[in-house]
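Chemist: Here it is, the structure, as structure tokens.
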Amino acid sequence: MLDDQPHLTLQPPHLNPKHQEEWLQSAVAHEIIWDNIKSLVGTTPYEYLCYSEKLERTNTGRLVSHLIRQYEHTERGGWWCAGLDPLDNWQPMLWGCLKPDRPRLNRNNGKPIKYEHPPKTPTRAFFLQIPDRLWLEIAIRYGVTAACTEGQLHRFVNDGTTTWLRESFEFWQWVLEHPEIPIVLVEGAKKAGCLLSLGYVAIALPGIFNGRRVTRDEYGKIWAESLIPELELFANAGRRFYFCFDRDTKPKTVKNVNLAILKTGKLLEQKGCEIHVISLPGPEKGVDDFVVANGAAAFDAIYQQALPLVSWLWRVRKQAELTYTPWLQLDVKELTLKQLPFAPPQTATGGQERSNLPDSPDGGIVVLASGKGTGKTKFISRLVQNAPKAIAAGHRIALMRNLCARMGLDYKGDVDRVNGDFITGSAYTLRLGLCVDSLLSIHPEKFAGCVLVIDEFMQVFAHLLTSSTCNKDGKRAALLARLHWLIRVASWVIVADADAADIGIDYLRSLRGAASPVYLIQNVYQPEGYSVRFLDAAGDDAIIGELLADLRAGLKIFVATDAKRGSLALKHLVETIQGASKQGRTANLVLINSDTSGGEYEVEFIRNINQRVLDADTVIATPSMATGVSIEVEHFDKVYGLFYGTVTDADAAQALSRVRANIPRVVWCAKTGKNFSKVSQSESPFQLKQALKTRWEAEISIIRTSLSPDMIPGVEAFDWDDNPHLDLWAKLTAKTNAAMWNLRANLLERLRYEGNTLEVVRQEQNSPVKAAMAEARSTVKQEYYHRVAAAKLLNKSELAALERQENISPSDQRAIEKTQIAEFYCVENVTPQLVAYDNGGKRRGQIVELEVLLAGAESSTKRDLDALERQLKWGHGVLPFDHPCYELRRFARDALGLLPFLVPGREWTDAELEPLGKRARACSRQVQAFFGFSIPNDPLHANNIWIFRRLLEPLGIETKARRVSRAQSRCVKIDESAWDELLSILSKRQAKRSALAVATPVALTDSFDVVTPPYINKTEGVTTSGSQTPMPKQEPLTPIAFQTGIELLGEIAQTEAVEKLKNFTPWTPQQLRQLWQVVPSWVKQKIRSFVNGSGGRADISPFQLDWGMT
């Protein structure tokens, strides 16, 4: 009980002394107890609990016997607490809770049921009545006394007789009207009474999940969540809520408590509230016990230390990442300084101590979890130094070259391969390092019994399962199968990562066998942290301004960034500054990104970085170098980190630690990342798997009739319930999504967690630097466009030869890009403008999406079948997360009714787009699953025009919007010039395919991608005039002939003007065959119906020829 409470002697007649004492033992003020608690006994509890009309009763209105038996234990007495009802003008709440003196037992687990709540009634929240003195204390605490009337402030009279508040509703209404007053959410009414007694506003929930309501579908699945009404009433924008739930040690309970905080917290955040979480340090379970044991000041301390929801969630997830029991726990700065309690597994002798590592003929899995800069690589080198067979696998060339040099292994790219054997000099080698992309070059049988080393194994697994390079030619499943086999045949699997996690270890065990022992060596040493100046700014201009100032001052700078284009622009700016400050001397700036990392100088720089870096004034490094490279020499003055949202917070922290010296860091990070999964942006592995399964099953159901008999087993054999690759993909993807949603906050919390000293500085926009950086970006882009346009145009053999190379020079990369552009756009002269239009290949993907939409099901289905064939040819099944699903998206766009609105130049109002918007909203789940964007419920944030434009974005179709009439209503249209450019590209691509089709006859079922909207006239929409006629005989058909023929067929299908089919009489069967290959499926169906119902009319005879139409 608090010492500063008034000493009151009055004992209310409605309260049993032992019930009052129970509340006093929770540090609750007398007045709160007297106004909110009453003792019940006999049959009275039935009146308070069993009031629901849904309860079974007899004809006389009496409760049925089984309910009386269920609650008969309450007749022995207990205390009742209810509070006030915010949904009934603050009248006493009918709902509440009873704590029986003798609780009944739970039939399932035999544990006492401590609290009883009214059955068949939704749970509510507790708003306890408080005295004026506590109201005043709360008002003073939060600085809102000016809002209280003079009478409210001075009504309390401490005369020992009138001490409890008669009009407590005024207090809660006052809190409701002042969103600047924070609210603490607790579990249980006593805890709310305790905090109210301390001068904090507290609302009690009857259980951790009772702050929200869920709506379920007919299958029992949750499809909607919302706050309970009374909590939503207080969820004003800007109000801060604190969660202070009980502390528990049982893993299942901890998981449920964390989940409840997250779900309710997210709902409050959606209302604009700020969420913080108070973590009780223990050993006390509840906040009332903590206050009794430690005092009010101790609670105020943890209240002030409460973490924002994002930071709290990051820590919760971090603490749950690695739960395996360590086989050996260390606390050392340098692992190699520790005398190992075991000999290297392959080289142990009888005299060496092996007491802690059991002799196992099958070896095992060694997991090294140790922080950055603690010598993990050196530690592993000692384990493999004398192993006759060893493989080190990684995910970046620079990292693997560096590791091989440090471990005494041969790098695969530096040795010859003859008949599957690797030769270095004049000898064979079985000690090899390589990137996992090259695993298929390894014969597991020849490396049976080897030591398999995977450094940074969590990142390696992520690369294997999600990178585009590992899926080249559909080989990802084969790479995973080869890794599986290697893990099986290796005597020892040694993996290391500063962020080692259960999910990675579980994956290893699932591949090797659950019986294989796991030896977790955990080094809990926390390296000395460095000082971090963390810039909280909207853009990168503030940090770049500081960077340039440091360079002018002559400081040596290391820059870690995750943006290739940003690194190029920064290099341009830095060279300008350094060139001016060095009086003409060329400053030594080294840029390592995906374009330059294959260069001869850059390869050598990374390979001998601790020597080469001494010659550099500035180094700018993207992830192409950052992972696995350690700069241990004292050279740089400061490290800068610029992160634009491509990498996770873990990768960003790794990049900042590449320089081991304890020098200051200056960091800026985008608030939200952009590297979300294309399947779903969910943070839940289960929801990701469900989204993927939904997409896959929908896709297969559409294309099933087109699957060849030999494809069906491979497609249907995929195991959704027991597939370790799928499970790890879902967990890693969920983890990445979670990092992206709150990237800046996550990085900030990670840097704190790692022991660094942080200073968060809010920075205003630096307009001059912003303009200079924008100009630099533009200059660099233009230079790059011109360099690509000037690059060599490769023939097929040259292109294939370069793509097989491991290190590709910047000039060769530009030649490859130019050749790919020329091939796709069907041009010989690649201009800088075309390179800019291509936008790094993004435009190509959009054009393909448009092609398959306009082509119909045959084209998109063929692309999907080709993708399946690329995976299945390796003989290891398919991976649904690698399937493109062209036909699914085409089908969905067609079903939404998008095609009729593809009329260039035609302005559409929001009302005219209502059919499209209505269907999209009705199918909002499918829209989100198939197209990756969600439609807000509020039409003001997602009107029909917004939906229309979002659907056109992935197709590369540009739109223009304007306001018309006095009402200033918005309308939108497809930009005609941009549309014409798309049509020109599509026509060129179709002409090229047609030429190939003439040279190589194909079956009509082998569809081709199409050109242009078939039935749309650019100015009038659906064509109705008969002025257009197909082109006369041409072999092959020109793009104009194709377009004219397609448009005429579309017009006929729309208007049922069957007689116009006679215009095709001059066409040869070969020309008709070429045309039919690109006609949309719906047009084909219409024409077929006309022909089948014509009765042999002569005017449509061209389409009765036996050339595959029917």
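The values are calculated or read from the model by the stated rules, or taken from the named source; none is laboratory data. Just so it is clear, the model here is predicted, and its values are computed rather than measured. Cβ placement follows ideal geometry from the backbone for every residue including glycine, while neighbour counts extend to all protein chains displayed.
Chemist: If I go through region 395-406 residue by residue, how many of them are without any contact (Cβ under 8 Å) to a residue 60 or more places away in the chain and surrounded by fewer than 22 Cβ atoms within 10 Å (Cβ to Cβ)?
Modeler: Number of matching residues: 1.
Chemist: At pLDDT 90 or above, polar (S, T, N, Q) and either not in a helix (DSSP H, G or I) or not assigned by TED's automatic domain parsing to the domain that holds ALA125 (or both), is that true of ASN108?
Modeler: Judged against the criteria, ASN108 is not a match.
Chemist: Also, quick follow-up: Looking only at region 398-439, which residues are of a type in the set (S, T, N, Q) and within 17 Å of ARG607 (Cβ to Cβ)?
Modeler: Across region 398-439, the qualifying residues are ASN402, THR424.
Chemist: How about region 629-643: which of its residues are at pLDDT below 95 and under 26 Å from VAL460 (Cα atoms)?
Modeler: Scanning region 629-643 gives VAL629, SER630, ILE631, GLU632.
Chemist: Okay, next question. Inside region 753-787, can you point out the residues that are in contact (Cβ under 8 Å) with a residue 60 or more places away in the chain and of a type in the set (D, E, K, R)?
Modeler: Those that are in contact (Cβ under 8 Å) with a residue 60 or more places away in the chain and of a type in the set (D, E, K, R): GLU754, GLU759, ARG762, GLU764, LYS770, ARG777, LYS781.
Chemist: Taking only region 707-759 into account, find how many residues are β-branched (Val, Ile, Thr) and under 22 Å from SER684 (Cβ atoms).
Modeler: Residues that pass the stated criteria total 2.
Chemist: Within region 901-912, how many residues turn out to be touching a residue at least 40 places away in the same chain (Cβ under 8 Å) and out of contact with any Gly (no Cβ under 7 Å at 6 or more places or on another chain)?
Modeler: 8
Chemist: Could you tell me whether ARG607 is charged (D, E, K, R) and touching a Phe, Trp or Tyr at 6+ places or on another chain (Cβ under 6 Å)?
Modeler: Criteria not met by ARG607.
Chemist: Additional query: Which count do you get for residues in region 881-926 that are among the charged types (D, E, K, R), buried (at least 18 other Cβ atoms within 10 Å of the Cβ) and within 20 Å of LEU955 (Cβ to Cβ)?
Modeler: The number of residues fulfilling the criteria is 5.
Chemist: Failed condition for LEU888, given (1) in contact (Cβ under 8 Å) with a residue 60 or more places away in the chain; (2) farther than 15 Å from VAL852 by Cα, with all others met?
Modeler: (2)
Chemist: Taking the conditions exactly as written (in contact with a helix residue (DSSP H, G or I) (Cβ under 6 Å, 6 or more places away or on another chain) and either assigned to a strand (DSSP E or B) or of a type in the set (Gly, Ala, Ser) (or both)), does SER52 satisfy them or not?
Modeler: Criteria not met by SER52.
Chemist: With the structure loaded, tell me whether ILE208 is aliphatic (A, V, I, L, M), at pLDDT below 95, under 43 Å from the mean Cα position of the chain (by Cα) and surrounded by 13 or more Cβ atoms within 10 Å (Cβ to Cβ) or whether it fails that test.
Modeler: Criteria met by ILE208.
Chemist: Going by the structure shown, is LEU198 assigned by TED's automatic domain parsing to the domain that holds ALA27 and surrounded by fewer than 20 Cβ atoms within 10 Å (Cβ to Cβ)?
Modeler: Answer is no for this residue.
Chemist: Of (1) surrounded by fewer than 14 Cβ atoms within 10 Å (Cβ to Cβ); (2) touching a Cys at 6+ places or on another chain (Cβ under 9 Å), ASP437 satisfies all except one. Which?
Modeler: For ASP437, the exception is condition (1).
Matching residues to (1) at pLDDT 95 or above; (2) over 30 Å from PHE379 (Cα atoms); (3) of a type in the set (Val, Ile, Thr); (4) touching an Asp or Glu at 6+ places or on another chain (Cβ under 7 Å):
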position: LYS266; (1), (2), (3), (4): no, yes, no, no
position: GLN270; (1), (2), (3), (4): no, yes, no, no
position: VAL277; (1), (2), (3), (4): yes, yes, yes, no
position: GLU284; (1), (2), (3), (4): no, yes, no, no
position: VAL291; (1), (2), (3), (4): yes, yes, yes, no
position: ILE302; (1), (2), (3), (4): yes, yes, yes, no
position: SER311; (1), (2), (3), (4): no, yes, no, yes
position: TRP327; (1), (2), (3), (4): no, no, no, no
position: LYS333; (1), (2), (3), (4): no, no, no, no
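Chemist: A further question follows. Looking at region 707-731, which of its residues are surrounded by 17 or more Cβ atoms within 10 Å (Cβ to Cβ) and in a helix (DSSP H, G or I)?
Modeler: Those that are surrounded by 17 or more Cβ atoms within 10 Å (Cβ to Cβ) and in a helix (DSSP H, G or I): GLY714, VAL715, HIS725, LEU726, ASP727, LEU728, TRP729, ALA730, LYS731.
Chemist: May I pose another question? Got a number for residues in region 693-724 being touching an Asp or Glu at 6+ places or on another chain (Cβ under 8 Å) and of a type in the set (D, E, K, R)?
Modeler: Number satisfying all stated conditions: 1.
Chemist: Then there's this: Looking only at residues in region 6-24 that are more than 25 Å from TRP95 (Cα to Cα) and either of a type in the set (A, V, I, L, M, F, W, C) or under 51 Å from the mean Cα position of the chain (by Cα) (or both), which one is modelled with the highest pLDDT?
Modeler: The qualifying residue modelled with the highest pLDDT is LEU10.
Chemist: Name the one entry in LEU793, LEU802 that is surrounded by fewer than 17 Cβ atoms within 10 Å (Cβ to Cβ), free of Cβ contacts under 8 Å to residues at least 60 places away in the same chain and in a loop (DSSP other than H, G, I, E, B).
Modeler: Of LEU793, LEU802, the one residue that is surrounded by fewer than 17 Cβ atoms within 10 Å (Cβ to Cβ), free of Cβ contacts under 8 Å to residues at least 60 places away in the same chain and in a loop (DSSP other than H, G, I, E, B) is LEU793.
Chemist: Just to check your reading of the model, which residue among VAL878, VAL852 is outside the structural domain of GLY474 (by TED's automatic domain parsing), in contact (Cβ under 8 Å) with a residue 12 or more places away in the chain, buried (at least 18 other Cβ atoms within 10 Å of the Cβ) and not in a helix (DSSP H, G or I)?
Modeler: VAL878
Chemist: Filter region 612-628 down to the residues that are modelled with pLDDT of 90 or more and farther than 24 Å from HIS572 by Cβ and list them by number.
Modeler: Scanning region 612-628 gives a single hit, LEU614.
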